[in-house]
Amino acid sequence: MTDTVHRAEQRWAVADARAQDVLALPPPRRFPVVRASALLVLPAAIVLVVGFAFPAGSTGRDVVAWTGAAGAALLLVAVIVAAIRGRRSPAAMLRVDEVLLPAERAALRRVVRLRERAPEGRLDVVRAVATQRVRRPVLGVWSVYSLVAAAAVVAGSAVWVLWLAWIVVAVVAAAAAIWSAAVAQRYLDLGPS
């Protein structure tokens, strides 16, 4: 056995041990794609639509901007509280695929996307990675970013174009997280392959 094969076996052994810890936890709830999308898009869209209903420089527009900023602050507190609650389980915190090489992580992604079949000895690792992807989307943070940016756009910031671009970046990043969680949920629904 070469040193490279030995190292690969060690990496997969660590990943498998982490996978067993993750799979011992209660299964994740079904990922709510529609609710997650609404959490991301609706607050910022409401701030933008209601804010632009008022004329530029008006008190109404300022109130909407400040309300959006206050909503973002409350949402940030909720995200922080949820993150603290999630840290109570050490098994849920450790990423199963963290110890693997990029090529090995890419192979796991292909299996979760149902493009390849997993080797028999790697099914637990794949299931654990899919489980973590369903549990882990950080949509609340992206929603906070988009809400702050929407409030800045409505407030009439001098660099409103940059804030608008930030909204687009936040929506695209969150959409990628939603898609990843939905694909992982589909893998878990179809069972090991």
Report, to the nearest 10°, how far helix 160-190 tilts away from the longest principal axis of the Cα atoms in the chain, using its own Cα long axis and a range of 0 to 90°. 30 degrees
If you average the C-alpha positions of the stretch 114-193 and of the stretch 35-64 separately, how far apart do those two centres end up, in angstrom? 23 Å
If you average the sequence gap of Cα pairs under 8 Å that are 6 or more apart and divide by the length of the chain, what percent do you get for the contact order? 35 percent
Could you do me a favour and compute the accessible area per residue for the stretch 41-193, 1.4 Å probe, result in Å²? 55 Å²
The stretch 114-177 - percent relative contact order, Cα under 8 Å, separation 6 or more: 33 percent
Under the rule of at least 5 residues apart or a separate chain, name every residue whose amide H is placed under 5 Å from the amide H of Glu116. Val111
Can you tell me the FRET efficiency between Leu164 and Asp189 if r is taken as the Cβ-Cβ distance and R0 is 35 Å, rounded to the nearest 0.05? 0.40
Would you kindly state how much longer the chain becomes between Arg29 and Ala17 on full extension, computed as 0.36 nm times their sequence separation minus their alpha carbon distance, in nm to one decimal? 2.0 nm
Per-residue counts of other Cβ atoms within 10 Å, averaged by peptide: what ranking do you get for 121-132, 106-117, 43-54, highest first? 121-132, 43-54, 106-117
Heavy-atom accessible surface of the chain: percent carbon and sulfur, 1.4 Å: 67 percent
Rounded to the nearest 10 degrees, the helix 59-86 long axis (Cα) sits at an angle to the longest Cα principal axis of the chain of 20 degrees
Spacing of the two label points (7 Å from each Cα toward its C-beta) at Asp62 and Val81, in nm: 3.1 nm
Cα gyration tensor category, rounded, prolate or oblate, for the stretch 25-79 with a/c compared to 1.5: oblate
Can you compute 3J(HN,Hα) from phi for each residue in the stretch 24-41, using the Karplus curve 6.51 cos²θ - 1.76 cosθ + 1.60 with θ = phi - 60°, rounded to whole Hz and x for Gly and Pro? 6, 6, x, x, x, 5, 4, 6, x, 4, 5, 5, 5, 5, 5, 4, 6, 8
In nanometres, the difference between 0.36 nm per residue of separation and the alpha-carbon distance of Ala8 and Ala53 is 10.2 nm
Give the dimensionless ratio obtained when the Cα radius of gyration of the chain is divided by 2.2 N^0.38 Å. 1.28
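The values are calculated or read from the model by the stated rules, or taken from the named source; none is laboratory data. Please read these numbers as outputs of a predicted model, since none were measured by experiment. Positions of Cβ are backbone-derived with ideal geometry, glycine not excepted, and every protein chain shown enters the neighbour counts. For accessibility, only protein heavy atoms count, side chains too; no ligands or nucleic acids. Shrake-Rupley method; radii C 1.70, N 1.55, O 1.52, S 1.80 Å.
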